[in-house]
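Heads up, the thing below is written out as structure tokens.
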Amino acid sequence: MLSSYLAIGEITKPQGVRGEVKLRPITCDPGRFEGLEQAFFRKGNEYVPFRMQVTRMAPDAVFLMVEGVADRDQAEKLRGEMVYIDRAHAVELDEDSTFLCDLMGLVGRDDAGRELGKIVDVMQPGGNDVYVFQGPLGEVLVPALKSVVKKVDLEAGVMLLDARRLDEVAVFDED
């Protein structure tokens with residue numbers, strides 16, 4: 001089941017003395033913060049809404065004010081907090097794209113019936129993403145290529161892979 005909330009960043013530290021915080025975005029498009037006025041903190045199993053104002057953006061950071069946070073001490077208490085949005089306010093993806101968090105836990109199978117295990121990580125080395133599967137074959141690294149990934153079925157929790165291409169491009173853990 002897909003989560004109703006998506007993580008979009010982590011508050012890394014207070015910035016200045018007036019309650020501003022620095023956030024490390026974990027989204028492909030930091031511009032998605034422009035105009036964002038409400039987000040959520042996770043408290044246990046609950047998502048608590050809060051109002052915010054983006055004050056400025058840098059290439060690797062977003063600076064914002066959180067409503068009710070007026071000084072450095074209050075901002076310090078937010079260090080390490082993840083910031084979420086609900087799916088209703090998530091950016092629209094094209095039909096060939098999926099949020100990375102939705103891929104976590106998918107079972108990888110190739111079209112020859114071989115199971116690779118579950119996706120436990122998605123590496124982003126700069127070119128193509130690389131899916132990290134952990135399962136009966138040990139750790140398997142699979143590049144996110146259209147010629148390798150035949151189908152992603154989020155409802156069924158399965159990623160179908162091309163066996164022939166997989167043998168050509170995947171890295172299998174050789175214990």
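When the accessible area of segment 16-175 is computed with all protein chains present and a 1.4 Å probe, what percentage of it is carbon and sulfur? That fraction is 48 percent.
With a Cα cut-off of under 26 Å and a minimum spacing of 8 residues unless on different chains, the lysine pairs in the chain number 9. Given a Förster distance of 30 angstrom, what is the FRET efficiency for V152 paired with K13, based on the Cβ-Cβ distance and rounded to 0.05? After rounding to 0.05, the efficiency reads 0.25.
Using a simple charge model, +1 on the beta-carbon of Lys and Arg, -1 on the beta-carbon of Asp and Glu, nothing else, what dipole does segment 1-111 show about its Cα centre, in debye to the nearest 20?
The calculation lands at about 700 debye.
Working note: 222 nm ellipticity from helices only, DSSP H runs with n ≥ 4, each -39,500 (n - 2.57), summed and divided by the residues of the chain, gives -2000 deg cm²/dmol to the nearest 500. Where a ≥ b ≥ c are the square roots of the eigenvalues of the C-alpha gyration tensor, would you call segment 1-102 rounded, which needs a/c under 1.5, or, failing that, prolate if a/b is larger than b/c, or oblate? It comes out prolate by the Cα gyration axes. Can you list the HN-Hα couplings for segment 143-150, worked out from phi with the Karplus curve (6.51, -1.76, 1.60; θ = phi - 60°), rounded to whole Hz and with x for Gly and Pro? Rounded to whole hertz, the list is x, 7, 10, 4, 6, 9, 8, 7.
If the viscosity is 1.002 mPa s and the temperature 20 °C, what Stokes-Einstein diffusion coefficient in µm²/s follows for segment 104-155 when Rh is the Kirkwood radius over Cα pairs?
D, rounded to a whole number, is 190 µm²/s.
Based on alpha-carbon centroids, what's the gap between segment 6-60 and segment 109-166 in Å, whole number please? What the calculation gives is 31 Å, centre to centre. Accessible surface for the chain, divided over its residues, is 59 Å² per residue with a 1.4 Å probe.
The values are calculated or read from the model by the stated rules, or taken from the named source; none is laboratory data. Since the model is a prediction, treat every value here as computed from it, not as a measurement. Counting neighbours? That spans all protein chains shown, and the Cβs are built from the backbone with ideal geometry, glycine included. These area figures cover heavy atoms from the full protein model, side chains too; ligands, DNA and RNA do not enter into them. Shrake-Rupley method; radii C 1.70, N 1.55, O 1.52, S 1.80 Å.
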